[in-house]
Ligand SMILES: Nc1ncnc2c1ncn2[C@@H]1O[C@H](COP(=O)(O)OP(=O)(O)O)[C@@H](O)[C@H]1O
Ligand SMILES: [Mg+2]
């Protein structure tokens, strides 16, 4: 395991035992390459070997649905009640009252700075003409969040207090956080039938893991003495938990509340693909479908502003605890006054019928029309340039990664044929390159070059399944030990057996393509931000905002210019996934100890030497964590990007959703989660090795 | 003070072992005694278990100030935590007011803690989200006392520990000494009979520590609690204790009054502690005196040492006199004499059987 750290000295090539494994894999790769026609099943997994798991699940679901229908429908109706009630209230209350209430909340949470932000944002929402849709969304969020928090609190207590919880909750949470958003909707759809309740329940479940994690983390970090002080006072376990431990852990729990609120909002927006609730997500989606991007943009901004308001206020509450404020005594008093004022205002406005219904905001309509016009003009005028950008990336980046150089170099794409002699020289160059790199920087790097060259030749989708599984399993085993190796084997085996392999590889390809670009872009910005405080100060709030925006919104600007297709999906994924790359790179570089740098300067290193040979290696573990996060973000966005034209698992999940096919949805959703977890396990083990290497 | 009186808390063959190598060797029916117990403890340690308390036998009297003393890791905290059942003993018996304390139900245990026990922690264990008043009132709140009632009691306790005016402060706004005053006030709020203090002053500066010890003594003259006090500081133990139990590797190696221990350390381990102690301030004349051989005590002429005098005082007194010094008791009766050589011998430690 530690072999890739110990052996970094130049020519002193010691081959540890693991080399034999790699040689076997290379042999397998050669067999698949040369004798492909005699062992086709090693290259392409035969269709009649599939396990029809999806069908079995459907049979089970049909049976279960028939039994559970009365119960689920009852629960659905039960939840529909408060949601409809909240919806009525939010629609009934004059919007100035709501805006004022938000402002007061912001004032209480933080101060006048936040009030200005929140008032401007909510005024926009009110005046954009999307007030009704926004309030419908808020009605869903308003019921989903408390449900999710309660669920999260319960599970968090379970996860921290019981032995079984400590054992089984972490993997369940991992799974819950990697299962794609759409996949949550499918079983809900089948169980609860079309309607907003599906989004409500899916959102409550989807959003609870951060709450669970933070509650359990918070409870576990309550000092033992405090727990014992409560016990020695003779507290019952209820008193101990609710009077002492939970309040003492509140700082951490509030972080969880903030994250859960944001996740719930994100899911509610995504759930609008089910349709039929006239919420703000649906507004964006339907205008996008009609290619009225001006309207989508205006509505998209509403979503962004809702997200910002909710995030900033809940984050302010999370940061503002008893440690900073003294006593909260006067706030009860203030609360009553504020509530009274709001009610009076509400009554007055109602009486004069002001601010009750926002009429079609004409000006907003005309702005939207104007935007639509301008966008059409722009795309008309620069369409050729946009198309060539798209084609360039498609032919020279995406296609080679997908089908490999062997398939993608054609007169039509690259302007020439990939002839036999060229293929042979490519192979020779790669072998020499791998050996050269291996001699210079250690055999692992040489092996890496060989694997990449192989992948580039055959493409992600063209690479034989046997070689891919063998390579990843062995890699997992080498970096993370036997458990990781077995996990990778099991995960990929599941995908293969259930017949998801080809789709999965398409997802891997697009996710990989996006992750590479996100990381290159993000890491470059991170390097810049680490060396320049002004850049850092500008980038930071941008990153914060990008992280609060629900994924869905990223589709609007990309689709606007590049129509449906993989390139558009690629851009949308990059727009969402580059943030962690920036953050971890900057942090990693900034945390390099100044003493080390001084030593390097004294030894007469040039700035570029310092950067490449001191800073970058030391920041590497942190950057690897950033890369891992980037990949996870890319997987999350991949599924949403199915709306704008992808071909992988994401697309399959979306199709399963529209067809309400639970079996297909569950299997492809699980496959996606397993892919993400595979990448996560390998990357984390790798980063851990690098950290260990730094210490040692 | 100490002396007669009934037993408040008693440990009989009490064990607490961490680890699971010892298996079923600690059956309550056949616990080893004396040297056998020591052998068993050694056996278990070499098998990889930690014997935090081995065969503890103690009787702590009502109103006694009892100190558990020993180096860090010697098992003091564990013993105290067994006594309050924050840790469950592995074997043995524990009696409070003569009644079995180990076999009671959770509900009863909760009641005992509510009514009879108070505990002060080394790192204060204050609830960070509660004000000083709420912290002190917490044990009353747990019992269901009304807000007015518990606030009145809390304010009374806060005054008692000298924190008037800080009722609404939060723990993070207080100094270490103030925090521990809150801890003390909270532990006394329900007027417990048994008062546990686990190194309550170890986290404080030496000057504050001295001050807090004085306050503790003052409180004890007011309340006469049965105190079980843990410390690793021998001077603190000597200053506060009626009796001290010295622990080493989970075993109690000596129990006695501070004077007993200073004059007759049972083992080298104890002697090590004693070396540090200012003997002149601890040893009392009554322990050095040769009692009168004959008859009833007679009145001294006023020219006598007092039997409660410390060695230090006696030395300065003797400097102006020669010959055997007469000793008188509280009523001024002559009860014995002390040869001056004995004072100097006691000073150097040559007196006590070395
Ligand atoms: N919960 C526990 N688990 C395992 N070992 C423990 C535990 N608590 C205490 N010990 C061990 O028991 C021994 C006595 O600890 P303790 O009673 O805290 O000593 P003291 O208070 O005298 O410093 C130590 O060796 C300690 O490591
Ligand atoms: Mg201790």
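We did not get these values from a lab; they are worked out from the coordinates using the rules stated. None of these values were measured; they are calculated from a predicted model. Quick reminder, even Gly has a Cβ in these numbers, built from the backbone with ideal geometry, and neighbours come from all protein chains shown.
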How much space per residue, in cubic angstrom, does the convex hull of the C-alpha atoms of segment A:499-695 take up? 124 Å³
Taking only the alpha-carbon atoms of segment A:89-188, what semi-axes of the equivalent ellipsoid follow from 5 times the gyration tensor eigenvalues under a square root, in whole Å, largest first? 36, 19, 12
Residue exposure sequence - A:228, B:147, A:586, B:236 - by fewest surrounding Cβ within 10 Å: B:147, A:228, B:236, A:586
Quick one: check the C-alpha center-to-center distance for segment A:76-98 versus segment A:385-431, whole angstrom. 56 Å
I'd like the distance between the alpha-carbon centres of segment B:197-236 and segment A:44-58, rounded to an integer number of Å. 74 Å
Per residue convex hull volume, Cα atoms of segment A:54-360, in Å³: 166 Å³
If one compares the long axis through the Cα atoms of helix A:465-497 with the longest principal axis of the Cα atoms of chain A, the angle in degrees, nearest 10, works out at 90 degrees
Pairs of alpha-carbon atoms within less than 8 angstrom and 6+ residues apart define the contacts here; what relative contact order does chain A have, in percent? 19 percent
Let's test this: bin the Cα-Cα distances of segment A:397-453 at 10 Å from zero up to the farthest pair and state each bin's percent. 24, 40, 28, 8
Compute the length gained on full extension between residue B:202 and residue B:100: take 0.36 nm times their separation in residues and subtract their Cα-Cα distance, giving the result in nm to one decimal. 33.5 nm
Which angle between 0 and 90 degrees, to the nearest 10, do you get for helix A:131-161 versus the longest principal axis of chain A when only C-alpha atoms count? 70 degrees
Quick one: work out the % antiparallel among DSSP beta bridges in the protein assembly as shown, nearest 5. 60 percent
State the Cα centre-to-centre distance between segment A:460-514 and segment B:23-59 in whole Å. 55 Å
Sorted from fewest to most neighbouring beta carbons within 10 Å, what does the list B:42, B:134 look like? B:42, B:134
Between residue B:38 and residue A:71, what is the spin-label point distance in nm, taking each point 7 Å from the Cα along the Cα→C-beta axis? 6.6 nm
When DSSP beta bridges are limited to those with both residues in chain B, what percentage is antiparallel, rounded to the nearest 5? 60 percent
extent check for segment A:460-527: Cα max minus min per principal axis, descending, whole Å, gives 40, 28, 16
Which residues does the label zone of residue B:222 cover in segment B:139-158, counting backbone N under 18 Å from a point 7 Å along Cα→Cβ? B:139-140, B:150-158
Could you state the per residue volume, in Å³, of the convex hull enclosing the Cα atoms of segment B:150-254? 117 Å³
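Tell me whether segment A:176-327 comes out rounded, prolate or oblate; compute the Cα gyration tensor, take square roots of the eigenvalues as a ≥ b ≥ c, and use a/c under 1.5 as the rounded threshold.
Details: a/c = 3.81, a/b = 2.03, b/c = 1.87.
It is prolate, given that a/c is not under 1.5 and a/b is the larger ratio.
Over chain A, what lengths in whole Å, largest first, do the semi-axes of the equivalent ellipsoid take, defined as the square roots of 5 times the eigenvalues of the alpha-carbon gyration tensor?
On the way: eigenvalues 405, 200, 157 Å².
Values for chain A, descending: 45, 32, 28 Å.
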I need the shape label for segment B:58-278. Rule: rounded when a/c is under 1.5, else prolate if a/b > b/c, else oblate, with a, b, c from the alpha carbon gyration tensor. oblate
Rounded to whole Å, √(5λ) for the Cα gyration tensor eigenvalues of segment A:488-584, largest first, gives 30, 18, 11
In nm, give the distance between the simple-model label positions of residue A:350 and residue A:278, each being 7 Å from the Cα along the Cα-to-Cβ direction. 2.1 nm
Residue among B:342, B:209, B:279 with the largest mean-square fluctuation in a Gaussian network model of chain B, springs linking Cα atoms under 10 Å: B:342
How would you classify segment A:516-565 from its alpha-carbon gyration tensor, with a ≥ b ≥ c the square roots of the eigenvalues: rounded for a/c under 1.5, else prolate if a/b is greater than b/c, otherwise oblate? prolate
Once the Cα atoms of helix A:566-590 and of chain A are each reduced to a long axis, what angle between those two axes, in degrees from 0 to 90 to the nearest 10, is obtained? 90 degrees
Along its principal axes, what span do the Cα atoms of segment A:40-93 show, with the longest given first and each in whole Å? 67, 28, 8
